[in-house]
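**Student:** First the structure, which I've put down as structure tokens, then a few questions once you've had a look.
Read-outs: derived from the displayed coordinates by stated rules, not from any lab. Note that the structure is predicted; figures quoted are calculated from it, not measured. So basically every Cβ, Gly included, is an ideal-geometry build from the backbone, and we count neighbours across all protein chains shown.
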Amino acid sequence: MNAPSPQPPAVRTTCPYCGVGCGVLAQPDGYGGATIGGDPDHPANFGRICSKGSALGETLGLEGRLLHPMLRQPDGTLARVEWPLAIERVADGFTRVIERHGPDAVAFYLSGQLLTEDYYVANKLMKGFLGSANVDTNSRLCMASSVAGHRRAFGADTVPGSYDDLDAADLLVLVGSNAAWCHPVLFQRMAKNRRERGAKIVVIDPRHTATAEDADLFLPIAPGMDSALFCGLLVHLADRCELDYRYIDAHTQGFEDTLAAARAIAPDLAATARATHLPKADVARFFTLFRTVPNAVTCFSQGVNQSAQGTDKVNAIINCHLATGRIGRRGQGPFSLTGQPNAMGGREVGGLANQLAAHMAFTPDDIDRVRRFWNAPRIAMREGLKAVQMFEAIARGRIKALWVMATNPAVSLPRASHVRDALRKLDLFVVSENVLANDTVNAGPHILLPAAAWGEKDGTVTNSERRISRQRPFLPAPGEAKPDWWMVTQMARRMGFGSAFAYRSAADVFREHAALSAFENDGRRDFDLGGLATLSDAAFDALDPVQWPLRAGAEPRRVRSHGQCEDRRFFADGGFYTRNGKARFVAPERPAPRAATGKDFPFRLNTGRVRDQWHTMTRSGQSPRLGAHLPEPFVEVHPADAKAMALIDGGFARVATRFGSCVLKVAVTDRQRRGSLFAPIHWSDATASAARICDLVMPETDRYSGQPDAKATPAAIAPVTFAYRGFALARWPLVMPDGTWWARVAVPKALGLLLASNDGPETWRGCARDMFDDGAELAEYSDAQRSVYRVAAFVDGALVGCLFLGPTEAAPQWDAVKPLFEADTLADDARRVILSGRSADGLASAGPTVCACFGVGLATIRAALQSGAATSVETIGAALRAGTNCGSCLPELKRIVADAGAASAPTATSAPATVPSDTPARDPAVTA
Ligand code: SF4
């Protein structure tokens, strides 16, 4: 008898979601799937991963994958073609447009999801060989203001610190950063520092986010007023003589002018409190904390970056660190938390329209240097168009050929509908993608190229602390999928640039990228990977995570445990990358909203992320565990605004701006500011009927960074009423009738839709028969008096579809029905009770998911609290395991425990407990 073959070793790779860049171990199962766990040896996470990382194994299916090159036919359909023909059409199309209209008529729109090697080759072809700098990326929407702020202050896009600083800081200031949800592993590191070392956490955000739950001080700042707060802090530090004049004199310039400008904006505590709409005592507490602790780190993210004055906000923060000399030392510094998995790699490559390559700019010296290194015949001589301007140029017909790689601009850019219309005007529209359908693919590309996905790709990514990690393949690329760097290389060869694009592997590309970073560098540029430029293929394969700057002459080495990180920080002793080596203080402009609210649009629309989804849900939307947390697109409204606008919690509202409208579930919560609305960015036309929120976002951009302001669009809100609610589940995609509000939710072995409608049971009975009556056996239940209709469809004893509809006030729940789709055939008793909506085994529903790692629902947690089986977050963990893995749900668990305590306290009647509306508890379609 043959011995069972030993399991292959787990593959060491990197999570494809956020900029924390966690190392993960992928253990393939031999059937196209894999088990995913945290890599204990990776210095970004030391084995921890969050709910999104834990669910990666659920996202590896090939359902909906684009597997072959496709070419648009004269009749408008797409037909499969061979790679050589697809490449020929792309290359010849770009050549033709350049010949007729010049190099600025073509563009690449890239992505922070690309690997560094993909980015490098695309940037090189466009800027060095096609002669245009029209290469921009979705990172423009993410951290462009941080890049611009760094370059203004430091002379280079340098993140000075390391994650290690989050363990050593005495004060952690989080500005515009919901790190508990968006950088969960880092936030747990900060929470540990608070628990174990007593570090203080200050959260500055217009919304009381999950991150604020763990704060020692929460400052609910007026939208857009961050610069005023940090100007006030600079003035306060100066007036208290708490500045590091030795550092200011030796290593900086422009301090006096900047201090004078700060005084004009926020001359004292009272003025700062007035400008920021914060209580004076809280502002004073923050200033005192910052002034008195030895070590402070200020982390900032999209709440700072995604602003028409985002670059000024970044510089206002950096000013305070420069003025106190708190930069580049352990536990000190400004820290940009990057959103995307490889936004930093894209920045290193120069994959933004206003960068050239390898942290070099469009200066005559840098242009000449890069031209000689690449031996480039037609190097771009000036900056290209940044994302928003790029799509405006497409709309105006100035750009005629575009290649979109690994991103979904028809969902994510401001005025997304306008973007979709613009894409249809292109003479040549190329998309390289993983999926057969999303809003950008549905905008009608002429050529679709199948791209390798996470788990199949080979290369490197860089995280927020400048640490380069390998993404390694652990699954074969399906069909004819190829890496993006390979596609661009083929295009370049077809265009006659073969000798400059002779790469055989990702390792070849990486070596050249590293060599360019070191070319004529001699310490003049921060980014220098010269020590990696001669890695052998085997060394590249085995490359351990390595942070730059590299030690001179040293090979990277594995950092095995916490606390062993080498000091690779920047600027403790100056050495900035400006002409005179001194950092620049930058005086921010007086903060003011770019677009005014008024009678028609009295609110400000803020957009952002939720805990368990990523970008436009192309990957995370496949995971049933992740989909169970917040399954529907929603808008958060303050209770007083809700009352004024006649909105009810769990009802629906139309949110409108000058640019479009969406219909979203209403979540009434006092964690939202009065006058502000918050809606998540994740849903698209592919996943919901009317929830593509970026359709509504204004195209205002920061003048330095070009980053759009996604946080402050003037908006209106009004109630929308649906008489009926329900759900549909099926083994195949269902098309909903016009007028139905729907949201797609991942469900094991089925496709799920949560519904709302004004059509009654009789209309739905007819629709349901069209949906399911294809040889299936139907079981129906209807109660005209109660307006209830339910239907289940069976084939060979298996449940293949169902639809439940009822009046809004008694909406059916699907928790008992969903698991029935996992069975191949159903027992008679299960079939009998299915239309009751109850589970055959009589078990209570766990309710909507709170802990995605262990699938623990709200009802289960509440039951444990009610029965006394658990009394605290810790005992919930002990009894149910909830919150004991990644910790992303800990803030939510705290609220549930607090609400349970408030509900049982004798004084609760005098102060009604508010269940925060982004907990699933207020989701009537699921819980009613
Ligand atoms: S924090 Fe979560 S999403 Fe971000 S890299 Fe780590 S596991 Fe991935």
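**Student:** What is the distance, in nm, between label points placed 7 Å from the Cα along the Cα-to-Cβ direction at GLU780 and at ASP567?
**Tutor:** If labels sit at GLU780 and ASP567, their model points lie 7.7 nm apart.
**Student:** With runs of 4+ DSSP H residues as the only contributors, calculate the mean residue ellipticity of the chain at 222 nm using -39,500 (n - 2.57) per run, divided by the residue total and rounded to the nearest 500.
**Tutor:** -8000 deg cm²/dmol
**Student:** Rounded to two decimals, what is Rg over Rh for the chain when you use alpha-carbon atoms and the Kirkwood radius?
**Tutor:** Ratio of gyration radius to Kirkwood radius for the chain: 0.96.
**Student:** State log₁₀ I(q)/I(0) for segment 338-446 at q = 0.10, 0.15, 0.22 Å⁻¹ as given by the Debye formula over alpha-carbon point scatterers of equal weight, solvent excluded.
**Tutor:** The Debye formula, applied to the Cα set alone, gives -0.35, -0.76, -1.19.
**Student:** Explain nothing, just compute: Karplus ³J(HN,Hα) = 6.51 cos²θ - 1.76 cosθ + 1.60, θ = phi - 60°, for every residue of segment 672-680 in order, whole Hz, x for Gly and Pro.
**Tutor:** Calculated HN-Hα couplings, in order: 8, 6, 5, x, 10, 10, 10, 9, x Hz.
**Student:** Sticking with this structure for a sec: Given +1 on the Cβ of Lys and Arg, -1 on the Cβ of Asp and Glu, and no further charges, what dipole in debye does the chain carry about its Cα centre, rounded to the nearest 20?
**Tutor:** Computed charge dipole of the chain: roughly 1680 debye.
**Student:** Want the number for ARG765 to ARG194: 0.36 nm per residue separation, take away the alpha-carbon distance, what's left?
**Tutor:** 199.9 nm
**Student:** Shape of segment 61-148 from its Cα gyration tensor (a ≥ b ≥ c, root eigenvalues): rounded if a/c is under 1.5, otherwise prolate when a/b > b/c, or oblate?
**Tutor:** It is oblate, given that a/c is not under 1.5 and a/b is not larger than b/c.
**Student:** Tell me, how many Å apart are the Cα centres for segment 573-645 and for segment 129-188?
**Tutor:** Between the Cα centres of segment 573-645 and segment 129-188 lies a distance of 15 Å.
**Student:** Per the Debye formula with a single identical scatterer at each Cα and no solvent contribution, what log10 I(q)/I(0) holds for segment 79-121 at q = 0.23, 0.27, 0.34 Å⁻¹?
**Tutor:** Ignoring solvent entirely, the Cα scatterers give -0.93, -0.93, -0.99.
**Student:** What distance in nm separates the two pseudo spin-label positions at ASP773 and CYS241, each 7 Å out from Cα along the beta-carbon direction?
**Tutor:** The answer from the label model is 8.9 nm.
**Student:** Enumerate the calculated ³J(HN,Hα) couplings along segment 18-33 in order (Karplus 6.51 cos²θ - 1.76 cosθ + 1.60, θ = phi - 60°), each rounded to whole Hz, writing x wherever the residue is Gly or Pro.
**Tutor:** 8, x, 4, x, 5, x, 10, 10, 10, 10, x, 9, x, 10, x, x
**Student:** I need the peptides 750-756, 872-878, 800-806 ranked by packing, meaning the mean over residues of other C-beta atoms within 10 angstrom, with the highest value on top. Kindly include the intermediate steps, with their values, before the conclusion.
**Tutor:** On the way: 750-756: 22.4, 872-878: 17.1, 800-806: 24.6.
Ranking the peptides 750-756, 872-878, 800-806 by packing returns 800-806, 750-756, 872-878.
**Student:** On a C-alpha basis, how far is the centre of segment 373-387 from the centre of segment 229-274 in Å? Whole number, if you could?
**Tutor:** Cα centroid to Cα centroid, the span is 40 Å.
**Student:** Residue separation times 0.36 nm, minus the C-alpha to C-alpha distance between ALA539 and ASP92: what's the value?
**Tutor:** On the way: separation 447, 0.36 × 447 = 160.92 nm, distance 3.73 nm.
Full extension of this stretch gives 157.2 nm more.
**Student:** On a full-extension model of 0.36 nm per residue, what is the gain between THR363 and ASP249, subtracting their alpha-carbon distance, rounded to one decimal in nm? Working shown, then result.
**Tutor:** Details: separation 114, 0.36 × 114 = 41.04 nm, distance 2.83 nm.
Full extension of this stretch gives 38.2 nm more.
**Student:** If you count, for each residue, the other Cβ atoms within 10 Å and average over each peptide, how do 20-31, 641-652 line up from highest to lowest? All intermediate terms of the calculation are to be shown ahead of the outcome.
**Tutor:** Numbers: 20-31: 20.4, 641-652: 17.6.
Listed from highest to lowest mean packing, they are 20-31, 641-652.
**Student:** Once you've got the Cα coordinates, tell me which of LYS400/LYS457; LYS52/LYS457; LYS124/LYS313 are over 27 Å apart.
**Tutor:** Values: LYS400/LYS457 30 Å; LYS52/LYS457 19 Å; LYS124/LYS313 32 Å.
With Cα atoms farther than 27 Å apart: LYS400/LYS457; LYS124/LYS313.
**Student:** Ok, one more. Considering only LEU426, PHE300, CYS662, whose Cα is most displaced toward the positive end of the charge dipole of the chain, charges sitting on Cβ of Lys, Arg (+1) and Asp, Glu (-1)?
**Tutor:** Of the candidates, PHE300 comes out farthest on the positive side.
**Student:** Hey, another quick one. For HIS277 paired with GLU383, estimate the spin-label separation in nm (one decimal), with each label point 7 Å from Cα along the Cα-to-Cβ line.
**Tutor:** 3.2 nm
**Student:** If packing is taken as the average count of other Cβ atoms within 10 Å, what order do 159-167, 488-496 fall into, highest mean first?
**Tutor:** Values: 159-167: 24.1, 488-496: 21.6.
Ranked by mean Cβ neighbours within 10 Å, highest first: 159-167, 488-496.
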